[in-house]
Amino acid sequence: MIETERLILRPWTHDDADRLFDMMSRIEVARWSGNGVPMASIDEAHTRIDRMPTRAGDHPAAGLCAAEIKATGVVAGMAVLVPIPASQGIDRDDMEIGWHLHPDSWHQGYATEAASALVTHGFAAGLPALYAVTFPDNEPSQAVCLRLGMTDLGLSTDWYDRELRAFRLAPPAKPVG
């Protein structure tokens with residue numbers, strides 16, 4: 001569990017399935033995720049929650065977190081730090097930072113706040129760099145990447161077997177002396 005000023009980043013539970021389904025069944029959210037197809041049933045939310053530990057992999061910093069608003073207990077969305085699948089024929093072993101928010105939590109800074117906490121967590125655990133990938137026209141997520149201080153790498157086909165806009169963040173420099 002990671003706490004920020006306004007959020008608690010914690011594992012998803014089956015008690016969160018209704019909220020996950022409500023978020024990922026909306027085309028305006030699902031279009032930016034995976035295959036872009038909204039969830040069609042609550043069973044898909046339960047299945048996704050069951051798969052989350054496998055998707056996170058075995059790095060100690062990795063996880064798919066519910067971003068719960070401290071003041072209300074409502075899950076604003078998810079923040080993830082997971083291995084990013086390299087495209088076929090590409091030899092990469094990178095970690096991805098990402099986020100998806102419910103529309104009722106958009107434009108409140110939650111994505112940047114949650115992602116910033118995961119950046120700190122990931123670099124404290126020794127990750128050498130973090131990557132984010134967005135669909136080329138996902139300007140809101142690209143803005144979050146830039147607020148995090150990520151470098152825009154332009155369009156790339158290195159991950160997910162598709163052309164995506166890629167961003168990279170190196171750990172902060174260690175002081176000399």
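The values are calculated or read from the model by the stated rules, or taken from the named source; none is laboratory data. Model, not experiment: these values are computed from the prediction. Cβ atoms come from the backbone with ideal geometry, glycine included; neighbour counts cover every protein chain shown.
Here are the numbers:
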{"quantity": "Residues within the range 58-81 that are hydrophobic (A, V, I, L, M, F, W, C) and at positive phi, tallied", "calculated": "0"}
{"quantity": "Helices (runs of 4 or more DSSP H) wholly inside the range 1-79 that include at least 2 residues being crowded, with 20+ Cβ neighbours inside 10 Å, without any contact (Cβ under 8 Å) to a residue 24 or more places away in the chain and of a type in the set (Lys, Arg)", "calculated": "none"}
{"quantity": "Residues that are closer than 22 Å to VAL37 by Cα and touching a strand residue (DSSP E or B) at 6+ places or on another chain (Cβ under 6 Å), drawn from the range 123-155", "calculated": "ALA132, VAL133, THR134, PRO136, SER141, GLN142"}
{"quantity": "Among the candidates ALA62, ALA124, ALA56, ALA76, residue that is modelled with pLDDT of 95 or more and of a type outside the set (S, T, N, Q)", "calculated": "ALA76"}
{"quantity": "Given (1) touching a helix residue (DSSP H, G or I) at 6+ places or on another chain (Cβ under 8 Å); (2) within 19 Å of THR13 (Cα to Cα); (3) touching a residue at least 40 places away in the same chain (Cβ under 8 Å), index of the condition ILE97 fails", "calculated": "(2)"}
